[in-house]
1. Report ³J(HN,Hα) in whole Hz for each residue of segment B:244-253, in order, from the Karplus equation J = 6.51 cos²θ - 1.76 cosθ + 1.60 where θ = phi - 60°; Gly and Pro get x.
2. Considering chain B as a Gaussian network with a 10 Å cut-off on Cα pairs, which listed residue, B:Gly113, B:Gly78, B:Gly259, attains the greatest mean-square fluctuation?
3. Can you compute the FRET efficiency between B:Ile103 and A:Glu316 using 1/(1 + (r/R0)^6), with r the Cβ-Cβ distance and R0 = 60 Å? Round to the nearest 0.05.
4. Could you check which residue among B:Val263, B:Val146, B:Val276 shows the biggest mean-square fluctuation in a GNM of chain B with a 10 Å Cα cutoff?
5. State, to one decimal in nm, how far the label point of B:Leu30 lies from the label point of A:Lys334, with both points 7 Å from Cα in the Cβ direction.
6. Can you give the net charge of the other residues whose Cβ lies under 10 Å from the Cβ of B:Ile81, counting K and R as +1 and D and E as -1?
7. Is there a quick way to get the dipole size of the protein assembly as shown? I mean about its Cα centre, with the Cβ of Lys and Arg at +1 and of Asp and Glu at -1; what is the value in debye to the nearest 20?
8. Would you mind computing, in nm to one decimal, how far apart the modelled labels at B:Val10 and A:Gln200 are, each placed 7 Å from Cα along Cα→Cβ?
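Values quoted throughout were computed directly from the atomic coordinates according to the rules given, and no laboratory measurement underlies them. Keep in mind the model is a prediction, meaning the values are calculated, not measured. Heads up, the Cβs are rebuilt from the backbone with ideal geometry, glycines too, and the neighbour counts pull from every protein chain shown.
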Amino acid sequence: MAANQKDEPLLEIKNLSVGFNGAHKGKPVVCGVSMKVHPGEILGLVGESGSGKSVTCYSVVRLLGERGWTEGEVIFDNKDTLSCLESDIVAIRGREIAMIFQDAQSFLNPVQTVGSQLTEALMLKKDLEKRSSDIFRKEAVKLLTEVGIPDPERRMGEYPHQLSGGQNQRVMIAIMLAGDPRLLIADEPTTALDVTIQAQILRLLKKLCKERNMAIILVTHDLGVIAETCERTVVMYGGKVMECGPVEDVLVNPKHPYTLGLLSSKPRIDKKVKKLNTIEGVVPSPENFPEGCPFYDRCINVTDKCKDISPPIVIEGMRHYFCFNPVKEGMVWK
Amino acid sequence: MNSSYLIRKVLRAMLTVLMVTTFVFLILRLSGDPTVSVLGLEASPEAVEAFRAKWGLDQPVRVQYFDFIKNALHGDLGVSILEGKPALETVAARLPDTLILMIITTVLTFVVGISSGLLASLYHNSNKDRIIMLFAVAGYSMPTFVVGVLLVMFFSVTLGWLPSSGSGTWAHFILPVLTMTIVEAAIFARFTRSAMLEVLYQPYMKTALAKGLSWWQAVRRHALPNAAIPVVTIMGFWVGLIIAGAVITESIFGWPGVGRLLVYSVKHRDYNVVQVIVIFISCSMVITNLTVDILYGLLDPRVSVVKGDQ
Ligand SMILES: Nc1ncnc2c1ncn2[C@@H]1O[C@H](COP(=O)(O)OP(=O)(O)OP(=O)(O)O)[C@@H](O)[C@H]1O
Ligand SMILES: [Mg+2]
């Protein structure tokens with residue numbers, strides 16, 4: 001935390017809790033999550049399925065749907081996106097904070113051409129009357145070229161079902177770049193794609209981040225993706241942050257036993273292991289979240305306090321974690 | 001959408017009309033003939049025989065059928081046994097009254113049904129939604145004749161405001177139109193609402209908002225075009241509905257249209273008139289379905305591609 005103090009964070013999530021009316025017995029699915037995103041950085045958000053990554057992302061741009069409720073603050077440009085006016089959040093979406101999703105094809109309108117979905121996004125940003133549709137078209141083609149769509153002129157007239165999964169994701173990225181946002185939230189953008197395409201999309205995101213100085217929150221449950229793409233990472237579990245810090249610290253010397261568990265359940269080339277470890281048990285569902293650390297019942301380092309008391313924040317240089325009994329050097333998951 | 005696809009569709013449509021006509025032709029002849037209706041029960045055997053010979057009813061059904069087809073192909077659909085005029089003329093004379101009824105009903109149904117369905121979906125789970133759906137379910141679950149009779153009881157018998165039967169003045173239109181519209185608008189409202197609700201929760205609506213459209217822009221530009229697809233597909237079904245509605249409504253309100261003529265002609269076994277009406281009905285349904293297919297292909301790019309590949 002100390003390190004990036006020099007530049008103001010672009011986005012700051014403060015003590016965010018999220019829940020859904022009429023679901024999970026009124027219990028929140030995300031409880032007291034805080035994190036910062038700095039301009040131009042790629043922040044990895046990692047955790048098992050159901051840990052609340054998507055919900056956290058959707059709350060930032062207020063897209064939880066009518067049943068979702070939030071507590072806490074999400075500060076962007078001195079504005080709280082959770083409580084600002086509807087017109088303010090509409091102005092932020094796309095132009096300041098954009099978002100891409102896992103299954104790009106179902107997130108694209110099936111009855112509109114790629115071109116019209118893209119120009120629509122461009123027209124939102126630019127002054128409609130002053131520009132001819134020809135200029136929008138040119139800009140759309142330029143964006144498609146930027147995201148690496150071959151033969152963009154032809155693709156403009158095609159529909160999402162005529163494109164491959166990877167191409168749809170590129171189109172989605174182009175649409176979201178149209179507003180020239182400062183932050184792109186990418187919710188598992190490569191999970192549905194095969195490995196080569198996945199690598200291409202990640203490379204594209206990295207390139208865009210650098211060239212446009214655009215920050216990215218990259219959600220994934222793949223630590224390999226985090227290692228390759230991100231500078232900092234936040235590990236989430238059971239609706240809470242477990243630990244956070246620079247990738248080379250968190251992934252090499254995890255402090256939270258959950259991170260250690262995640263790491264040892266991942267096959268590695270550099271280390272021969274006899275048997276791939278798994279973390280026993282499953283992610284609890286939100287109605288069963290404990291007062292304390294949600295990971296207590298699967299943890300190898302569990303203490304008496306873990307279930308009932310929320311571990312306080314422990315700050316070590318640029319990283320922090322929430323654990324009473326952190327991982328010691330040389331410890332292995334078993 | 002290529003031309004061979006279209007030709008196939010048209011051929012199939014013509015086959016449908018032929019089959020429906022044949023079916024009606026046979027059923028009518030197997031279930032009695034017009035002799036009694038026209039001559040009465042007391043007629044002498046000679047008179048009956050002469051009548052049957054005159055109309056070709058003494059021939060085997062097979063012969064009658066091929067005669068009918070041959071004449072029909074020459075544009076001759078026979079003469080009304082009851083009126084002695086060409087059957088086509090008899091039907092055509094009644095057509096305008098029915099069409100006016102149908103057109104007014106259709107416009108009202110679309111406007112009221114679709115817009116209240118839209119409203120209900122956009123205010124999903126609010127009181128607006130609940131009230132609209134209460135009316136829709138009530139209208140939907142009542143048969144046309146019950147609605148008609150209830151309206152007559154209320155507006156004609158109890159209040160005495162509106163005529164209960166006949167035609168001629170604008171006041172005569174109100175009850176028949178209301179009867180048909182209540183039932184059909186209810187169906188459209190329910191259908192439009194569920195089509196919209198389906199679409200509003202699709203992932204691409206999230207994208208529309210995420211790129212910076214306001215809620216209303218997203219609804220207009222992304223939800224409506226997608227919800228239009230299922231609504232258009234029930235148009236084919238709607239033609240059947242409105243024809244059935246017209247037959248019942250015209251009978252209740254003594255409306256001098258084709259619907260009442262159909263009931264009357266079936267009752268008196270006026271074969272040729274019934275056949276003409278059935279041809280009209282099946283043609284209009286077939287044409288609507290063709291139109292729906294074409295519209296469907298235009299609205300949904302996924303469909304036209306599949307069909308083009310066939
Ligand atoms: N609309 C909703 N209504 C009710 N509960 C929801 C809703 N959306 C998410 N949840 C719940 O919130 C919890 C967190 O879900 P979320 O989608 O954020 O997980 P995730 O970390 O993104 O997992 P995944 O890797 O599967 O995407 C889950 O228990 C889920 O059931
Ligand atoms: Mg998710």
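1. Rounded to whole hertz, the list is 4, x, 5, 4, 5, 4, 4, 5, 5, 9.
2. Greatest mean-square fluctuation among the candidates belongs to B:Gly78.
3. Step by step, r from the Cβ atoms, then E = 0.15.
4. It is B:Val146.
5. With each label placed 7 Å out from Cα toward Cβ, I get 8.4 nm.
6. After counting each charged neighbour, the total is -1.
7. Numbers: 65 positive and 61 negative charges, 194 e Å.
For this selection, approximately 940 debye.
8. 4.5
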